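The values are calculated or read from the model by the stated rules, or taken from the named source; none is laboratory data. Because the structure is predicted, anything quoted here is derived from the model rather than measured. Neighbour counts are summed over all protein chains in view; Cβ atoms, including those assigned to glycine, are modelled from backbone coordinates with ideal geometry.
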Amino acid sequence: MTTTNDLFEEDLDLPDSTAQHRYAALVGLDHIKDRLMKEAELILQPKLLEDWSVRSHGTVLPALRWVAARPPLIIFAGDVGTGKTTLAETFADAIARRHGIDVRVKRLSLRARGSGAVGEMTRLIGTAFDVVLREARAAGPRQPFVLVIDEADALAQSREAAQMHHEDRAGVNALIRGISQIAVEQLGILVVMCTNRADALDPALRRRAAAEFDFARPNDAQRAAVFATIFDGIGLTASQIAELVALTGPTERGYGHTYSDLVDRILAAACLAAYPDRPLTAGLITEQIRANPPTRPFAERG
């Protein structure tokens, strides 16, 4: 039987040096990071928007009522290995450091689906939101919370699907109620849903999202930035980086390497191939790229 303690993975309390490093290692996602920082700051610290309005206009603009009333939900959608989960778990570290506050990241476990018994998933999801709300009330405004729901399509599949079980429909209703309650209380809680299949999410949830970010596989410029960063110090030339970029692109496959392919597989494989008596070289990295093809896009998996 799933208990309250089983509903979450271990909490992440920010700021934290490991989270800071993981966040900084997400090279090539600056276009998402910049917008995300503004969206998240204003949900986690809503007074910042009022302060800006007073500084810029001498008053709290009526328009801020609509901005503040948006549901505290952000959706990360994209292929496996594009950095969704890592960013969801670490972006608040930068906010914590910037404003000198503590942020707690709670990660909902897939065990919240329960065993399929009637009413179980609804009860577990409701309990999970109750736990987050209770902790946020006790912590007060100086400690915002981020609730990360990974593989969100497993909990929030569209209720329009003909084959959807009644229990799953009830679970989606419980998610919507939980997010609505967070919005009503305005406690500085942000819900981040990560999914490989955005189209599978319930439309009502997607409509409620304050923002939805699409995570794609890195393009040429982003892969070049990744290689320049992860292999900094070994003396790669611009032409060598360009060759590595070409090798990791779509080529005849139609899809290129993901961020995790480059960092978790290519980098690690190249270092291990060089260790203990050879230096890292462009040729050695090239060998490992050829030996480690990109993971197939999620939709193509059999």
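Does Leu272 satisfy the condition of being in a loop (DSSP other than H, G, I, E, B), at pLDDT 95 or above and among the aliphatic types (A, V, I, L, M)? Against the criterion (in a loop (DSSP other than H, G, I, E, B), at pLDDT 95 or above and among the aliphatic types (A, V, I, L, M)), Leu272 does not qualify. Within region 12-24, track down each residue that is touching a helix residue (DSSP H, G or I) at 6+ places or on another chain (Cβ under 7 Å) and aliphatic (A, V, I, L, M). Result: Leu12, Leu14, Ala19. Selection of region 261-278 for residues being within 24 Å of the chain's Cα centre (by Cα) and buried (at least 16 other Cβ atoms within 10 Å of the Cβ) yields Asp261, Leu262, Val263, Arg265, Ile266, Leu267.
Every test in (1) more than 28 Å from the chain's Cα centre (by Cα); (2) surrounded by 12 or more Cβ atoms within 10 Å (Cβ to Cβ); (3) not hydrophobic (A, V, I, L, M, F, W, C) is passed by Gln20 save one, and that test is (1).
Looking across region 249-260, just one residue is in contact (Cβ under 8 Å) with a residue 60 or more places away in the chain and surrounded by fewer than 22 Cβ atoms within 10 Å (Cβ to Cβ), and that is Ser260. Of all residues in region 1-15, those that are buried (at least 19 other Cβ atoms within 10 Å of the Cβ) and under 14 Å from Phe91 (Cα atoms) total 2. Output the residues belonging to region 279-302 that are under 21 Å from Ala77 (Cβ atoms) and either over 28 Å from the mean Cα position of the chain (by Cα) or of a type in the set (Phe, Trp, Tyr) (or both). If the condition is that a residue be under 21 Å from Ala77 (Cβ atoms) and either over 28 Å from the mean Cα position of the chain (by Cα) or of a type in the set (Phe, Trp, Tyr) (or both), then Phe298 is the only one that fits. Among the residues of region 211-228, are any over 24 Å from the mean Cα position of the chain (by Cα), exposed (fewer than 13 other Cβ atoms within 10 Å of the Cβ) and in a helix (DSSP H, G or I)? Checking region 211-228: not a single residue is over 24 Å from the mean Cα position of the chain (by Cα), exposed (fewer than 13 other Cβ atoms within 10 Å of the Cβ) and in a helix (DSSP H, G or I). Would you call Ser239 over 30 Å from Ala69 (Cα atoms), among the small types (Gly, Ala, Ser) and more than 20 Å from the chain's Cα centre (by Cα)? In short, yes.
Yes or no, residue by residue, for (1) within 15 Å of Gly188 (Cα to Cα); (2) in the same structural domain as Leu175 (by TED's automatic domain parsing); (3) touching a Ser or Thr at 6+ places or on another chain (Cβ under 7 Å); (4) in contact (Cβ under 8 Å) with a residue 24 or more places away in the chain:
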{"residue": "Gln20", "(1), (2), (3), (4)": "no, yes, no, yes"}
{"residue": "Lys33", "(1), (2), (3), (4)": "no, yes, no, yes"}
{"residue": "Leu49", "(1), (2), (3), (4)": "yes, yes, no, no"}
{"residue": "Arg65", "(1), (2), (3), (4)": "no, yes, no, no"}
{"residue": "Ala69", "(1), (2), (3), (4)": "yes, yes, no, yes"}
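Can you tell me which residues in region 275-302 are part of a helix (DSSP H, G or I) and among the polar types (S, T, N, Q)? Matches in region 275-302: Thr286, Gln288.
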